[in-house]
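Only one structure is covered here, and it is reproduced in the block below.
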Amino acid sequence: MTTNADVPEGLNGVGATALGVAALRAQESRRPDRLFDDPYAQHFLDAVDPATSPWAVAETPGDVDFLRLTAEQVALRTRFLDQALLHAAQDGCDQVVLLACGVDTRAFRLPWPTGVRVFEVDFADVLAFRDTVLTQHGATSTCQRVEVAADLREDWPRTLIEAGLDPTRPTAWLAEGILYALPPEATDLLLERVTAASAPGSVLALDHVEDSELLRTTRAEISAELLDLWQGGPAEALDTWLARYGWRPSVHDATEVAAHYQRPTPAAFAPERADTGHAWLATAELP
Ligand SMILES: C[S@@+](CC[C@H](N)C(=O)[O-])C[C@H]1O[C@@H](n2cnc3c(N)ncnc32)[C@H](O)[C@@H]1O
């Protein structure tokens, strides 16, 4: 276990949600009917002193209402986005960019086609924390992997291109667990930059979660800072927003994806409840 001082700054506060997601991936990985297996997720939790993170709840994320409510959505989104990225790679996107990757381990756990390069973008200290844990556990990547330390508020496309991304070739992009935490104008800038760095044939895979009374109430139980986590995301419906930037979107409600994977409707997005909202999973292709 690391000490408080070892928890990277980027995984404090709002960034700590990356550890909350890891707790849910670890939980899903323990299910016999799991939708994916992330054998490293628990190691990130084990590496953090529980006193330093509200998310370091290790094997009992179900004890935290917010995590219990978002568990199904995280399981569904992980599987859906795994499939979306693998399909894009099989269809010719031999460069994959994981934006704000947190402790994502797709570069280690997915069966990438030969020759795929996965670029992992996050703050330097988050990448270093992830590296330390993965190295300790002997993780081996299943692709060529390029870590890109960058701040998404700055000129990250230039950093990515300097790191080797070729914007003249199709890219598969991942924006997972990001949109809802950005205000509308920041999502516009993000998509503008992704689009500008994308060649025809590129694919964008993403999720988005609408805030709701139920999510607000359960976030408030954890911290006031977390209550402010939702910043709205795109100002328009996802398909309209993606199409406005020239992408051909395919957007699915989380309830539809749950039915597809034979999982119950996630409680946080149950349409019959007045205090819930929607969650979506989407892919989009640039013609
Ligand atoms: C909710 S987590 C999502 C992580 C990952 N995509 C997932 O779903 O597991 C948010 C991540 O965004 C990163 N992040 C937040 N603001 C950022 C910024 N301005 N530049 C780069 N990364 C950022 C944090 O460090 C954290 O790892």
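Applying the set (1) more than 25 Å from Ser250 (Cα to Cα); (2) hydroxyl-bearing (Ser, Thr, Tyr); (3) open to solvent by 20 Å² or more (accessible area, probe 1.4 Å) to Thr218 leaves exactly one unmet item: (3).
The number of residues in segment 72-124 being touching a strand residue (DSSP E or B) at 6+ places or on another chain (Cβ under 6 Å) and of a type in the set (Phe, Trp, Tyr) comes to 2.
Could you tell me whether Val194 is at pLDDT 95 or above, open to solvent by less than 10 Å² (accessible area, probe 1.4 Å) and within 21 Å of Phe80 (Cβ to Cβ)?
yes
Remark: pairs (first residue in segment 18-30, in a helix (DSSP H, G or I); second residue within 11 Å of the ligand (Cβ to nearest atom) and aromatic (Phe, Trp, Tyr); Cβ separation under 7 Å; 6+ apart in sequence or on different chains) = Leu19/Phe44; Leu19/Trp55; Gly20/Trp55; Ala22/Phe44; Ala23/Trp55.
When residues in segment 96-109 are screened for being closer than 23 Å to Ser198 by Cβ and open to solvent by less than 10 Å² (accessible area, probe 1.4 Å), 8 of them pass.
Looking at Ala268, Ala199, Ala259, Ala205, just one residue is closer than 20 Å to Arg77 by Cα, modelled with pLDDT of 95 or more and in contact with an Asp or Glu (Cβ under 9 Å, 6 or more places away or on another chain), and that residue is Ala205. For segment 44-83, filtering for residues that are at pLDDT 85 or above, part of a loop (DSSP other than H, G, I, E, B) and more than 16 Å from the ligand (Cβ to nearest atom) leaves 0. For segment 106-126, the set of residues classified as within 9 Å of the ligand (Cβ to nearest atom) and not charged (D, E, K, R) consists of Val121, Phe123, Val126, listed by residue number. Of all residues in segment 242-256, one or more are in contact (Cβ under 8 Å) with a residue 12 or more places away in the chain and within 16 Å of the ligand (Cβ to nearest atom).
The values are calculated or read from the model by the stated rules, or taken from the named source; none is laboratory data. Please read all numbers here as calculations on a predicted model, not as lab measurements. When we count neighbours, we look across all protein chains shown, and the Cβ atoms used for this are built from the backbone with ideal geometry, even at glycine. All accessible areas refer to the heavy atoms of the entire protein, side chains included, with ligands and DNA or RNA removed. Shrake-Rupley method; radii C 1.70, N 1.55, O 1.52, S 1.80 Å.
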